[in-house]
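Single-structure report; data block below.
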Amino acid sequence: MSILEMKGISKSFPGVKALQGIELEVRKGEVHGLLGANGAGKSTLMKVLSGVIQPDEGEISFKNEKVKFSSPLDAQQKGIVIIHQELSLVPMLSVAENIFLGRLFGSKYNVNWKEVHEKAKYYLKQVGTDINPSTIVRDLSVAQMQQVEIAKALSFNADLIIMDEPSAVLSGAELNQLFETIETLTEKGVTVIYISHRLEEIDRICDRLTIMRDGKVVETRIVKETSREEIIKGIVGRDMDEEYPTMEVIEHGEEILSVQNLSLKGKLRNVSFQLKKGEILGIAGLVGAGRTEIARCIFGADKFDKGEIVYKGNKIKVSNPRKAIELGIALVPEDRKEHGLITKFSLNRNFTMAALKKINRFGFLHRFKENEASKSLIQTLKIKTPSIHQLALNLSGGNQQKVVVAKYLFSDADILILDEPTRGVDVGARREIYTVIQDLVKNGKSVLLISSDWPELIALSDRIVVLHEGRIKGELAGSEASPEKILQQALV
Amino acid sequence: MTIVKKLYSQKVLIILIGMVIFASISSPNFLNLQNLTFLVTQLSIFGIMALAMTYVVLNKEFDLSIGAVMAFSGIFMVKIMPHTGMILAIVLTLVLGVVIGFITGFLIAYLGLNSFVVTLCAMFFYNGLALSVSDGRPASALDPVLTYISSGTFLGIPNPIIVLIILTAGADYILRKTKFGRNIYAVGGDEQVARLTGISVKFYKIIVFVISSVAASLGGILLTGMLNSASPFVGSDAALTVISAVVIGGTSLAGGEGSIPKTIMGLFILGILDNLLGLLNVHSFYQTFILGALLVFVIGWDFYARSKKQVLAAH
Amino acid sequence: METVETVAEKRNETFLQRVRTKVDLGDVGPILGLIILIIIGSFLSPVFLTKGNLFNILTQISVLGLGAIGMTYVVIGRFFDLSVAGMLSLAAVLIVGLQPYVGTIGAIFAVILVALAVGLLNGTILQFIKGDFGASIMITFGTGTILASLALLYTGGFTLKPELDPVFSWFGNGSLFSIPAPIILLIFFSIILHVVLKYTTFGRAIYLTGANHEAARLSGIPIHRIRTITFMIVAVLVSIGGLINSSQTLNASPVAGVGFELDVIAAVAIGGTSLQGGAGNITRTLIGVLIIGVLNNVFVLIGLSNYDQMMAKGLIIIAALLLDRRNESNLIRKG
């Protein structure tokens, strides 16, 4: 039985047709996957569904009634709740207060805390967790926070829960917990729309899936009857032989970086590994294992307690990113929009910001050199933009990522640490990034690759070190690695 | 928790106790009843404003205009008094506070302007207004009702102190036990989330400024009664002192964290310091210096501690 | 080169729209405002547009101008400096106070050193506590209070009388090529600051720091050093302003700076430099300064009392902020 039907939904913004005649049918109690490249229209569609924006045309039927959602609150009250990637909880209030935010029981003058806590416990149990409702949200793990969000959705008697990339902040065991929760939900008759880039998850948890491309629905299929290739084809619109490229074999040089006994209280314990010139070393691990911390410590973005870093044969002390960049170490951060780029500045300025001294002539800016360098970087990395003066924020995710890499190429980095380089980048653009990474090592650079996408990590890396709770648990050669083996070591 | 951690979490209380001890040692006049009564009476005016400021800071906002509003309210009351009688004058002055707070709050909540700059402008505006209306001269205010409220006693306790106690209890109860109060924490803690839950963030942002301005007006009324005159020059240090009290007490400028008892403790720490400096005949210029240094130190500490916490939380 | 499917590309921009993106309201608005004010002024009084009056206006705003252009650097770096009021008072009294001991030139050097120390203090505290925009407001508010009280303590509340040697007098009353000294100084420093901001790597670094300090830090820009230097620059410029002020008024008052910070903020905000950081320039600030100067002149012509001027200024800043806010959201929608 259909719980949701969207017919002919269209939405346009100035100059962009975000949604064109969307037809979507979701059945009660199913887990319905929603896939598509960035820009395909998934988030716009969900915004329409959750009441954030109104469609220009089309009808929505929910629970057999025609509906128009005037606001997110309206949609919530009618039974549709969306859980975003960036969780919407107030960190300093308790779990119970968050679940019932704005809806506390009791009179205006006297909140009935007992009832609040009891009800909170009830919903938390439905989600399958025994978190204490009086815990302050700030003290929870991300996975637990997600559970609180789901409990909150249930407390609205949601019939349809939309999860937007829920696994982006989880991995391994936490992911399993999420899937269990989803199964519990569907058993109770709650319907879930599951948005994700990760095909293994869609495969595992979804009953049917819908693929979107360029604002239109391409197809809706039953998951079990769909192969990976068909999905990829649907998303990208053209045949892709492989999701991941085979990397050329490059000869590796001398050891260029050696990290010894790196320790950071509460995060890292005696982390040691080596990187050879021309190598791609993958760093795998669950969320919170310490991968980003390693990256930031090597780069000087964060301080560490103990340990040594030997670079090109010399012991170095990186106290801040400036020193790291001068030495030739670069970090392409996880959050490229906030930390990697200045979105309201032009590409020009972004390219040169890590190496101002290269365009410095007696203190003055050498605009000509800057422009020439920008043009050459755009060509080398095949960045799609009409001009070097284009604002960074107008570029697509994949191209933005290339700009960040370009910035550090300009600063003559020899080691590039890439932290989740393809996060939020659609399938087509990912291939381009893989090509960039391949070119980096072909040109003699070395790469430390952090990625939660294990198949990606395995395809690209020469070797992989697996991190578990701040310690290196094992090392695998790229050729012999598999997600299972990684998980084994990441979990122990 | 270890003993050290337990002590640290109560650091404000410890500092308060320490100050009392220090003050008693430094000046023999400190611990006498008359001085203490004087101390608390002086504190009561700033105290009322500090209670209100707690609400403002919890909402992650700032109100620098309270001193000017206090001064203007006094002048306003004295000017309309001959036409309306005392009681109505008091009521109207409080209404004035509501109106002022509403305007300020509107600029900040609906027009999205930065609260620091807006209230800084408001401070100059109302200061100018007070000076303009009063021609730069204090105006005398002698009235039995007013005198009773501000200088009279009830059961031997000066009335301002009673007002402070009642308001403290009320303010604390509201924050801890009512929906209204919890929502203030929510808005200060994470505005986006609060909004998505249907809490009217704009409403709360305006209301805290209304509360703050009304408190300032009330302070102005009481002060005028105490001094028997309304002066346009008072209140220049008010914002500085009151905000310091709130921050010293432990209510964070980041919003969403803090409480009334904490503010009261911060208030007393400052009050004792001020009282002590007065007893030791320290010149008022030095007092401003100490206030400034204290503010820098306390705010600096607040940010420093927060940045440490963030580093831990980020992972 | 393949064009990418950006929103801007898909929009078939009309000519008018393209003009609007190039010429931003931030530039046009204030200039328009200035022109309107000048017109109002000339209606109010026949002497308004005379050379004497214009020089008068410019001289009077020189002190404000120096403070405002210095503040521009701080604001572009996305920080704020409310200690300028205290700095002005302290500089004024220190220069005059030290004059008898080390002569005018010695006093000037000493005060510049003090200013550098103050800027260093502001910057270092903020660096240590990892403060943000809000922190800079509050901390400099505190340091400003300290400086103001130091000025009062130094003179015991009294106003000092300067020694009128030629060097000292020149700053307030002298001239060069028949242009009053204060104006020369303002022009001189404005040019230097403008060039540095627009054409040097240091200037570029300030913009980068203000636009996104974390991205700048992760790109190796020494954000703390940059911000500290901006604090030092504004403190030094304000000190020179203090000198000019004392020279003009022939006395050094420990409350010379009261209200100065408001005027400086007003000038910067009215001129169109966004308080969000990462944007703005000296030219805009100078226009803002001119607007205030003309405004003050108009106030006097209308006969507004000092008190009323305070009120008017408060209102005007709020108006300027509103326009800034509207402009910001327009920009974001366009981008």
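The values are calculated or read from the model by the stated rules, or taken from the named source; none is laboratory data. Keep in mind that this is a model prediction, so the values were computed, not measured. Counting neighbours? That spans all protein chains shown, and the Cβs are built from the backbone with ideal geometry, glycine included. Accessible surface areas use protein heavy atoms only, side chains included; no ligands, DNA or RNA. Shrake-Rupley method; radii C 1.70, N 1.55, O 1.52, S 1.80 Å.
Side notes on the structure shown:
- The number of residues in segment B:167-188 that are surrounded by 18 or more Cβ atoms within 10 Å (Cβ to Cβ), more than 9 Å from every other protein chain (Cβ to nearest Cβ) and either farther than 17 Å from A:Arg103 by Cα or of a type in the set (D, E, K, R) (or both) comes to 4.
- Qualifying residue in segment C:266-279 (condition: touching a strand residue (DSSP E or B) at 6+ places or on another chain (Cβ under 8 Å) and assigned to a helix (DSSP H, G or I)): no
- Screening the candidates A:Leu281, A:Leu347, A:Leu286, A:Leu331 for the property of being more than 9 Å from chain C (Cβ to nearest Cβ), modelled with pLDDT of 90 or more and closer than 29 Å to A:Ala477 by Cα yields one hit, A:Leu281.
- Candidates C:Phe109, C:Phe133, C:Phe188, C:Phe177 - the one that is surrounded by fewer than 16 Cβ atoms within 10 Å (Cβ to Cβ), at pLDDT below 90 and of a type in the set (A, V, I, L, M, F, W, C): C:Phe177
- Residues in segment B:113-140 that are surrounded by fewer than 22 Cβ atoms within 10 Å (Cβ to Cβ), in contact with a Ser or Thr (Cβ under 8 Å, 6 or more places away or on another chain) and of a type outside the set (S, T, N, Q): B:Pro138, B:Ala139.
- Checking each residue in segment B:189-204 for being crowded, with 18+ Cβ neighbours inside 10 Å, in a helix (DSSP H, G or I) and either without any contact (Cβ under 8 Å) to a residue 24 or more places away in the chain or within 7 Å of chain A (Cβ to nearest Cβ) (or both) picks out B:Gly189, B:Val193, B:Ala194, B:Arg195, B:Leu196.
- Looking across A:Gln76, A:Gln20, one residue alone is under 30 Å from A:Ser134 (Cβ atoms) and either in contact with a Leu (Cβ under 8 Å, 6 or more places away or on another chain) or touching a residue at least 60 places away in the same chain (Cβ under 8 Å) (or both). It is A:Gln76.
- Restricting attention to segment C:180-235, the residues that are in contact with a helix residue (DSSP H, G or I) (Cβ under 9 Å, 6 or more places away or on another chain), among the β-branched types (Val, Ile, Thr) and within 14 Å of another protein chain (Cβ to nearest Cβ) total 9.
- Enumeration of residues in segment A:370-402 that are of a type in the set (A, V, I, L, M) and open to solvent by 30 Å² or more (accessible area, probe 1.4 Å): A:Leu391, A:Leu393
- Residues (of a type in the set (Asp, Glu) and free of Cβ contacts under 8 Å to residues at least 12 places away in the same chain) located in segment A:335-376: A:Asp335, A:Glu338, A:Glu372
- The set of residues in segment C:150-162 that are without any contact (Cβ under 8 Å) to a residue 60 or more places away in the chain and either assigned to a helix (DSSP H, G or I) or touching a His at 6+ places or on another chain (Cβ under 7 Å) (or both) contains only C:Leu153.
- Test: residue in segment A:308-324 that is surrounded by 21 or more Cβ atoms within 10 Å (Cβ to Cβ), facing another protein chain (nearest Cβ under 10 Å) and either among the acidic types (Asp, Glu) or touching a strand residue (DSSP E or B) at 6+ places or on another chain (Cβ under 7 Å) (or both): no
- Per the listing A:Glu251, A:Glu225, the residue uniquely open to solvent by 80 Å² or more (accessible area, probe 1.4 Å), without any contact (Cβ under 8 Å) to a residue 24 or more places away in the chain and more than 21 Å from the chain's Cα centre (by Cα) is A:Glu225.
- Taken as a whole, segment C:148-156 holds no residue that is surrounded by 18 or more Cβ atoms within 10 Å (Cβ to Cβ), out of contact with any Cys (no Cβ under 6 Å at 6 or more places or on another chain) and within 23 Å of C:His194 (Cβ to Cβ).
- Here B:Tyr110 passes the criteria (1) more than 27 Å from B:Phe203 (Cα to Cα); (2) open to solvent by 40 Å² or more (accessible area, probe 1.4 Å) except the one numbered (1).
- Within segment A:407-427, the set of residues being in a helix (DSSP H, G or I) and within 12 Å of another protein chain (Cβ to nearest Cβ) comprises A:Lys407, A:Tyr408, A:Phe410.
- Any hit, segment A:23-40, residues being in a strand (DSSP E or B), away from every other protein chain (no Cβ under 14 Å) and over 30 Å from A:Thr226 (Cα atoms): no
- Note on segment C:36-56: among residues that are assigned to a helix (DSSP H, G or I) and of a type in the set (Gly, Ala, Ser), the one that is surrounded by the fewest Cβ atoms within 10 Å (Cβ to Cβ) is C:Gly52.
- Members of segment A:351-393 that are more than 22 Å from A:Ile325 (Cβ to Cβ) and facing another protein chain (nearest Cβ under 8 Å): A:Lys384, A:Thr385, A:Pro386, A:Gln390, A:Leu391, A:Leu393
- For segment C:303-320, filtering for residues that are free of Cβ contacts under 8 Å to residues at least 12 places away in the same chain, within 7 Å of chain B (Cβ to nearest Cβ) and open to solvent by 40 Å² or more (accessible area, probe 1.4 Å) leaves 4.
- Exclusive hit being open to solvent by less than 30 Å² (accessible area, probe 1.4 Å), away from chain B (no Cβ under 14 Å), over 23 Å from the mean Cα position of the chain (by Cα) and over 22 Å from C:Ile233 (Cα atoms), set C:Pro162, C:Pro166: C:Pro162
- Considering segment B:79-111, and only residues there that are hydroxyl-bearing (Ser, Thr, Tyr) and within 14 Å of chain C (Cβ to nearest Cβ), the residue that is farthest from the chain's Cα centre (by Cα) turns out to be B:Tyr110.
- Exactly one residue out of C:Thr59, C:Thr124 is open to solvent by 10 Å² or more (accessible area, probe 1.4 Å), within 14 Å of chain B (Cβ to nearest Cβ) and touching a residue at least 12 places away in the same chain (Cβ under 8 Å), and it is C:Thr124.
- Flag for B:Phe233 being within 11 Å of another protein chain (Cβ to nearest Cβ) and open to solvent by 40 Å² or more (accessible area, probe 1.4 Å): no
- Pairs, first within 24 Å of A:Leu286 (Cβ to Cβ) in segment A:173-200, second open to solvent by 10 Å² or more (accessible area, probe 1.4 Å) and among the basic types (Lys, Arg), C-beta under 7 Å, six or more apart: A:Phe179/A:Arg204; A:Ile195/A:Lys42; A:Leu199/A:Arg228
- Exactly one residue out of A:Leu457, A:Leu416, A:Leu448, A:Leu440 is touching a residue at least 12 places away in the same chain (Cβ under 8 Å), at negative phi and in contact with a Ser or Thr (Cβ under 6 Å, 6 or more places away or on another chain), and it is A:Leu457.
- Test: residue in segment B:72-80 that is more than 29 Å from C:Leu275 (Cα to Cα) and in contact with a Gly (Cβ under 6 Å, 6 or more places away or on another chain): yes
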